[in-house]
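Contents: one structure, followed by commentary.
Nothing in this text is a laboratory measurement; each read-out follows from the coordinates by a stated rule. What you see is a predicted model, and the numbers here were worked out from it, not measured in a lab. We place every Cβ from the backbone using ideal geometry, glycine too, and count neighbours over all the protein chains shown.
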Amino acid sequence: RTCYDLKCDELIDICEQQKDQNRQQNRVLLADFILEILIHNPKLLDDYSQLKRIVFKQYLNITQWVPVQIERPQHYPQTLTWQGSIDPRRLYVTPRDCTDKSYSYVIGSVCLITSLDIPLEHRGKIDLKEIKIDLLIKHLKTVIHCFMKCTPTEYKNEYSEYSNICKKLYDSISHFDTMEISKEMKMNDITEWIWNGQTFSAPSQVYLIEKTHPLAPYVSIVPYDFY
């Protein structure tokens with residue numbers, strides 16, 4: 001037998017043994033080990049025993065085994081809040097307390113991001129936090145707040161990074177229903193949120209040239225640097 005032939009209950013036993021030892025290096029290896037097995041042993045989640053399969057899935061969901069990304073990713077503004085660095089003691093969380101690193105730039109200030117490199121086709125095997133419109137809008141509010149507090153030097157150094165984050169955010173937000181977006185904007189008291197190339201403006205202060213732009217339902221111009 002190889003490690004990929006482990007059964008659900010055997011893997012749980014290994015996790016518990018490593019958790020009892022409480023060694024940092026072991027926990028890092030354990031997280032990678034679990035991910036590797038989930039990827040290379042697709043039959044694991046189809047264990048011969050339905051009860052064992054359910055217990056295993058529940059175990060993965062309630063156990064703090066997923067490593068948190070503490071450092072900001074590349075091109076993420078230093079002046080923008082990064083949830084992972086707020087409490088550096090919180091190194092491991094349950095899957096539902098974090099989400100995949102591909103969402104770092106659109107919710108990184110309000111949600112923990114895992115440091116695991118999870119292939120796209122296998123993300124469904126780990127029950128990570130679902131990305132909803134409320135998280136995107138809260139992140140947008142934080143982006144606006146942090147940007148407005150920048151000093152002239154910070155503004156100069158991080159202008160392009162903030163601009164890029166806004167583009168990613170607007171693209172993600174545009175996939176949601178307009179009523180949901182408007183509701184969350186009102187709940188978070190956001191009125192000036194359109195990046196105009198220098199700062200943020202209210203939708204009534206800008207107009208849109210290209211009607212196929214994702215923000216078309218809200219504004220009538222988005223700055224040239226968005227095209």
- Item | In segment 169-185, the residues that are surrounded by 14 or more Cβ atoms within 10 Å (Cβ to Cβ) and either in contact with a Pro (Cβ under 6 Å, 6 or more places away or on another chain) or part of a helix (DSSP H, G or I) (or both) | Leu169, Tyr170, Ser172, Ile173, Ser174, Glu180, Ile181, Lys183, Glu184, Met185
- Message: I'd like the full set of residues that are in contact (Cβ under 8 Å) with a residue 24 or more places away in the chain and either at positive phi or not in a helix (DSSP H, G or I) (or both), limited to segment 131-168.
- Response: Ile131, Lys149, Cys150
- Note on the structure: Flagged in segment 94-109 as within 28 Å of Cys166 (Cβ to Cβ), crowded, with 17+ Cβ neighbours inside 10 Å, out of contact with any Gly (no Cβ under 9 Å at 6 or more places or on another chain) and not small (Gly, Ala, Ser), in numbering order, are Thr99, Asp100, Tyr103, Tyr105, Val106, Ile107
